[in-house]
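Bear in mind that the values in this text are calculations on the coordinates, not laboratory data. Please read these numbers as outputs of a predicted model, since none were measured by experiment. Every residue, glycine among them, receives a Cβ derived from its backbone with ideal geometry; neighbour counts consider all protein chains shown.
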Amino acid sequence: MTAAIPVLRLFRARTAGSDRVAFIEPLTVRGVLEGLVMLVAVWWLWIDTTWVTNWMNPEKGPVRWMLIAMMLAGLVLSTAIPQAFSGLGLQFALAYVVMQIGRTIFTAVSYRLCGDELNSLNLVRITVWFVVSAPFWIVGSMLEPDLQLLLWAAALGIELLGPVFRYWTPGLGTSPAETWQVAGGHMAERAGLFMIIALGESIIVTGTVFSRSEQNLASITAFLAAFVSTILFWLLYFSHGAEHGSRFIRRSERTGMIARLTYTYLHMILVAGVVLVAVGDELVLAHPADPVDATTLAVVIAAPALYLLGNLLFKRSIGRPWLRSHLIGMAALTALYLAAPAIPGLTALTITWITNGVLALVVVIDEFVWPHEDDEELEIEQVATS
């Protein structure tokens, strides 16, 4: 996804400087909120397109041309992301609205031409919801930054609520559950691919900052810590998770409802954890040997805790129990956050390695201590309706 790196660059602490030294601007609440809006927007665009390519055959010529048009608009959108709140908001908003509405109209018309009126009507309802949110994107891009952030958050709120209400539309009703059926393996594969891209790009962005930093033992160790955390994130998601989810949704008779919860909503928490860990890695690289400040402490601990929460909910939604390993990991990270201010001389680099140790412990527990939890599956109906 070409927009993933620009989102990381907006969300993270901004960098500037010479070829060898990076200066990290303070991370602000507003910067986090702006990055969160961009993150959710990019994810929503990705997952909506994943749903459509699940319903349509990408091997057909018209569908391919639609996807090519989406890629072109995606390039326009991705170039606007770093300055979406400082001059290029209208470019981002127009590209986003055109992609969302254009894709759903194309799919609705395609279904109608094939004589599938039920699914065509489903896409008409989805289009109506995107049309309702469109003015918030476009008008917001023309206003001052505070109002822009507010209106764009409202636009995303509308779009996120659409699936919850099954796109209820006056005069058209709600979309039947049968119109949401998907090829479970494809949905799981696409979500896993996004996770791979996000993890890979987070280390690329961190590597860029490392290349601009002073090369010494502390910075090298900090970069190594960032690499290790990426590997641990990968293991947590793909070990007893991604493939299990693919098998689970393929066996289900209600693939659409599972895909809505598991791969549409819950994966946003996982992606947010990946982006936040990249922010923490840059803050640590800026001053690895200095005593940890409050902002760095919060980000470095919150990132793996958020990822563990997302992974816990993801695995629960695909039939696994509440994993004790993840609960232990989150409790340990919470204890570390509370205890850290009382430990004199604690550095950012040390905190990073401690959090890596907690994640490694969770991985070991999953693999060797309670591996049988992977086989304790719940009934699909219970999970799908919980």
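Quick look at the values:
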{"quantity": "Between helix 145-164 and the chain: long-axis angle, C-alpha atoms, 0 to 90°, nearest 10", "calculated": "60"}
{"quantity": "Theoretical ellipticity at 222 nm over the chain - DSSP helices of four or more residues, -39500 (n - 2.57) apiece, nearest 500", "calculated": "-24000 deg cm²/dmol"}
{"quantity": "Helix 348-364 vs. the chain, principal-axis angle (Cα, 0 to 90°, nearest 10)", "calculated": "60"}
{"quantity": "Gyration tensor (alpha-carbon) shape descriptor, the chain, a/c threshold 1.5", "calculated": "oblate"}
{"quantity": "Using a Förster distance of 22 Å, the FRET efficiency for residue 98-residue 153 (Cβ separation, nearest 0.05)", "calculated": "0.60"}
{"quantity": "Isotropically averaged projected area of the range 184-385, using the convex hull of Cα atoms (one quarter of hull area), nm²", "calculated": "10.9"}
{"quantity": "FRET efficiency for residue 105 and residue 60, using Cβ-Cβ distance with R0 set to 22 Å, rounded to 0.05", "calculated": "0.85"}
{"quantity": "Nearest-0.05 FRET efficiency for residue 369 and residue 76, computed from C-beta distance (R0 45 Å)", "calculated": "0.35"}
{"quantity": "Distance between modelled label sites at residue 293 and residue 193, nm, 7 Å Cα→Cβ extension", "calculated": "4.0"}
{"quantity": "Length added when fully stretched, residue 339-residue 204, from 0.36 nm per residue minus Cα-Cα", "calculated": "45.4 nm"}
{"quantity": "Fewest-first sequence of 320, 190 by Cβ atoms within 10 Å of each Cβ", "calculated": "190, 320"}
{"quantity": "Cα-based convex hull, the range 4-180, per residue volume (Å³, whole number)", "calculated": "124"}
{"quantity": "In the range 76-148, the trypsin sites (Lys or Arg not before Pro) that fall in loop regions by DSSP, at most 15 other Cβ within 10 Å", "calculated": "none"}
{"quantity": "Selection from 45, 193, 318, by position along the positive dipole direction of the chain (Cβ)", "calculated": "45"}
{"quantity": "The range 294-358 shape via C-alpha gyration tensor axes, a/c threshold 1.5", "calculated": "prolate"}
{"quantity": "Pairwise label distance in nanometres, residue 174 with residue 227, each label 7 Å out on the Cα-Cβ vector", "calculated": "5.1"}
